[in-house]
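Report on the following structure.
Please treat every number below as a calculation from the coordinates, not as lab data. All of these numbers come straight from a predicted model, not from anything done at the bench. We place every Cβ from the backbone using ideal geometry, glycine too, and count neighbours over all the protein chains shown.
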Amino acid sequence: MKKIITFKIGIFVLLGITGKSIFAQQDAMYTHYMYNTLAVNPAYAGTRDALTVTALNRSQWVGFDGAPNTQTLTIHTPFKRKNIGLGLSLINDKIGPIRTTSFYGDFAYIIKINDKSKLSLGLKGGASLFQANLSSLDLNSQNDVTFQNNTLSKLLPNFGFGMYYYRKQFYAGISSPKLLQNNLKIKSSSMVMKPEQKHYFFIIGSVFKLAKKLDFKPTALVKVTESAPIEVDFTGTFVLNKKLLLGATYRTGDALAALLGFQINNQFMIGYSYDWSYGLKTSKYNGGSHEIMFRYDFSFKDKEKVSSPRYF
């Protein structure tokens, strides 16, 4: 059974064969998208008024051989009187025989609209190292020349843009982190892979005070790409005493998730989520998806901000 599953997920990665072209899967997904914003929107850089480091690990479809596994590390900070944001994004994504390691720099210019709201415009630039070990797949036909002795490796440069509007209790952003659609020719065959597709992301969120020590944070993320159906994440999180976070996510056509978070102190936060893939035939073969997130804010200059963690 494991060999069959390994084979199927390897082929799943390469699915979308139309004529002589192969399209890659949708970009990595995150249940903690509301805390991992810089990974998809460069305009988020510098908007927390602190040097912020966020690390995330996602183990998807646990127990399913070759399932997606993703790690991200983002660092960003305001610069030059806080009207400029600078950031770095590192992403390692593996699914089946394919591994993509990305390194991107982020630049944002922050415009003060009024005393309560700001608009940030961002650019993202960098490259991804795409590697595919096709010969590692367990094939029904071992004589298929397309998959024999093929270890693909190519550095794929790319760039993207983003806009992010925010105020104390509301934010909205739109972005496309990869505007180029790079092609990759498979040796010993006529097939062409397209490992990077344009993705468009729209994110929105707010916070409402329900009681003295109880807030409610609704958020949503819309993902659009040519090679996959439109996907929307709806998340609702209750925040108790600005410390304990309890939430749930509905991902259209894919999964339900439970989120748990804890604001350990005014600068350090940890979060965990568990996804159940209700919409996939593969759900009976896996133990769900686990995600853990850490965020730390360094060097607050304004002491008043230390007494109350940022909502977003």
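Give, in nm to one decimal, the length gained when the segment between TYR200 and ASN114 is fully stretched (0.36 nm per residue of separation minus the Cα-Cα distance).
Fully extending the segment from TYR200 to ASN114 adds 28.2 nm.
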Fewest-first sequence of ARG58, ARG99, ARG81 by Cβ atoms within 10 Å of each Cβ: ARG81, ARG99, ARG58
Set LYS124/LYS209; LYS112/LYS242; LYS112/LYS198; LYS82/LYS178; LYS82/LYS209 screened for pairs whose C-alpha atoms are more than 32 Å apart: LYS124/LYS209
